[in-house]
1. Of all the residues that make up region 50-103, how many are at negative phi, exposed (fewer than 14 other Cβ atoms within 10 Å of the Cβ), more than 35 Å from the chain's Cα centre (by Cα) and not polar (S, T, N, Q)?
2. As an exercise: evaluate Ile344 against (1) open to solvent by less than 80 Å² (accessible area, probe 1.4 Å); (2) touching a strand residue (DSSP E or B) at 6+ places or on another chain (Cβ under 9 Å) and give the number of the one condition it does not meet.
3. Among residues belonging to region 451-478 that are of a type outside the set (A, V, I, L, M, F, W, C) and in contact (Cβ under 8 Å) with a residue 40 or more places away in the chain, point out the one that is most open to solvent (accessible area, probe 1.4 Å).
4. Assess whether Val387 counts as being touching a helix residue (DSSP H, G or I) at 6+ places or on another chain (Cβ under 6 Å) and in a helix (DSSP H, G or I).
5. Exactly one condition in (1) surrounded by 17 or more Cβ atoms within 10 Å (Cβ to Cβ); (2) assigned to a loop (DSSP other than H, G, I, E, B) is false for Thr43; which is it?
6. Any idea how many residues of region 426-450 are surrounded by 19 or more Cβ atoms within 10 Å (Cβ to Cβ) and of a type in the set (Ser, Thr, Tyr)?
7. Just give me the residues in region 1-25 being in a strand (DSSP E or B), open to solvent by 10 Å² or more (accessible area, probe 1.4 Å) and small (Gly, Ala, Ser), in sequence order.
8. Out of all the residues in region 290-316, which are surrounded by fewer than 16 Cβ atoms within 10 Å (Cβ to Cβ) and closer than 12 Å to Thr245 by Cα?
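The values are calculated or read from the model by the stated rules, or taken from the named source; none is laboratory data. Everything quoted here is computed from the prediction, not taken from an experiment. Cβ: placed from backbone, ideal geometry, glycine included. Neighbour counts: every protein chain shown. Calculation scope for accessible area: heavy atoms of the full protein, side chains included, ligands and nucleic acids excluded. Shrake-Rupley method; radii C 1.70, N 1.55, O 1.52, S 1.80 Å.
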Amino acid sequence: MFYRLSKDSFIRSIGDFGYIYSQLTKHDRTYTEEGRIFLSAVTRTPQSIETIASEICENFEDVAPADIIDDVREFMDSLVADNYLVAAETAEECATKDTQFSYKENPKTSFVYNAQQLPDDELHFADTQSLLFEEYVKKPAIYAAQIEVNNHCNERCIHCYIPHELKNARMPYELLENVFQQLHDLGVLRLTLSGGEFFCHPDAEKILRKAHELDFSVYVLSNITLLTPHMIDVLKEVNVSYVQTSLYSIYPEEHDHITQLKGSCEKTKANIDALIAANIPVQISCPVMHTNYKTYKEVLKFAHERNCKAQTDFVMMARYDFSTDNLAERLTMEETEELLRDIIQFDEDYVKLTDTPVSQISREEWEKQKFCGVGLNNLCIAANGIVYPCSGWQGMPCGNVREQPIIDIWERSPQLNELRSVTRAATPKCYDCEDRQYCAPCMVRNFNESGGDYTKVAPHFCKASHLNRVLVEEAKAKRKACSGKC
C-alpha cells in the first residue's frame, strides 16, 4: 500500500508537537513526540508502507521496520479515514483518490473551523486549539501571516480602515519571494494574501504560484472585480483554501455606493458565480452599516442559494491613522437593536452560542489570562515592508523586512514583546461587567478609536455588548415561556 499527503493537508512541527491540518474539512490534529516522528515521515510523494516504516525507524534505537509496521499502518490508515492522507495499491493510483472540494458534496459549514472530537491517547491530543495556544503563550511562533502585497485598490470603500491617501505602495516581487522563503523556513502554515486589492499587483500570478510552491495554505482577500478567467484557472491550480470577498448588497445602488466604484456589484456577483462554477471555495463577507443594514439578509440568501459561506459583522473599526470619519457609517444603537432582533429571530444558532455556562474564575486567575492572541502566532507585513501586529493595527510599526530578518523582528521587537505581556488586568473593570460573555474585546479597535491607547475601550462596544445581552436574554425568556405553555 502507498500513502501520501492529501493536496488539502499540511504538516508542521509546532514546538515539540506534530501538527496536521486539512484546509478542506478544517479539521486538525496535534501529536506527541512519537506521533510527530510518525507524521514527519509523510510526504506529498507516494511512498510504500515499508519505506515509511524504514524512515521512522531511523529515529529509534534497536527498532526494525518489521517491529513497527503494524503501528505505522494503523497510524496512516487513521489519517486516511479522515482525508488527511490518500492511500492506494500503486503510487499512480494515489492521484485519482485525492480530495476534491465540491459545492455539491461539501456543506456550507466546511468553511468553518470544526474541531474533531477525538479522545486523548498516547499519540495525539483531543483539544488541539487550547493546547497550541498554551504552546504559543510559552514560546510565540508564527503560525499565520498576512501579506498586503500592495496598497493599491480600485475601490474606495467608505468604511475602510486604510486611509485612501495611503493606498500608494507596492511590494516588489523579489522582496515578496524573499519574505515567502523566510516564512517557509520559520514553518508558517497559513498565508493570507491581500491588499489594497490583491489583483492590482502586476505579479499576482507569480505570487500565487510561489506561495503554492512553498507549501503554504493560501487564503486570498479580494474584491474580485479584476478577476479574469485565466486567474480563476490559476487559483484552481494552486489550490487556494478560499477566496474571501465582500458583497455589501445585491442591489447595485447600495453596493456601488459603499465601494464608490460603479459596476462593482455586478462584477463581484458575476465573479462569485465564476469561482463557484470552478469549484473554488468562496467566503462572502457582508459588513453591515447604514447603507445596507436593511438588505444584508439578501446577501446571506444569495450565498445560501449557492451553498457557500457568508458572514456579517456590525462592528466597524476606525482608520489606523486615528481618523474616525469612516465611522459615520457605523450603525446607531437603535439600528443595532433592529439588526440584533433580526439576527436572533432568523439565526437559530445565534442564541445557542450563549447557552454554555461561563466557567467561574477568580479575579486573580482572570487577570492572568492573555488579552488576545496578538503577537503570539501571527503578524501582518504591509506593502512597504513594515511589520505590524495585525492588519488593522498599522499605527504600531514593529520593524521592516527591508532592513532586518523576520525572525529578528518577531523575537526582538519591543512593540510585539509589549503586546505579548498584556493580560486582562489591563482592563480590570471588565471582570465585573455583566455583559462580559457577550463582548469580544479587541486591542486594535481600542487603539485606532482612542488615538493610540489599546486599553481604552470605546463606549460604543460596551453599549453594543450590553444590548446584545439584553436582547438574547429576552429571547431566551420568551422561548422558555413558550415551551412551558406548549
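1. Counting residues in region 50-103 that are at negative phi, exposed (fewer than 14 other Cβ atoms within 10 Å of the Cβ), more than 35 Å from the chain's Cα centre (by Cα) and not polar (S, T, N, Q) gives 10.
2. So the condition that Ile344 fails would be (2).
3. Lys463
4. It is false that Val387 is touching a helix residue (DSSP H, G or I) at 6+ places or on another chain (Cβ under 6 Å) and in a helix (DSSP H, G or I).
5. Answer for Thr43: the failing condition is (1).
6. So the answer is 2.
7. Once the filter is applied, which keeps residues that are in a strand (DSSP E or B), open to solvent by 10 Å² or more (accessible area, probe 1.4 Å) and small (Gly, Ala, Ser), region 1-25 yields only Ser13.
8. Across region 290-316, the qualifying residue is only Gln311.
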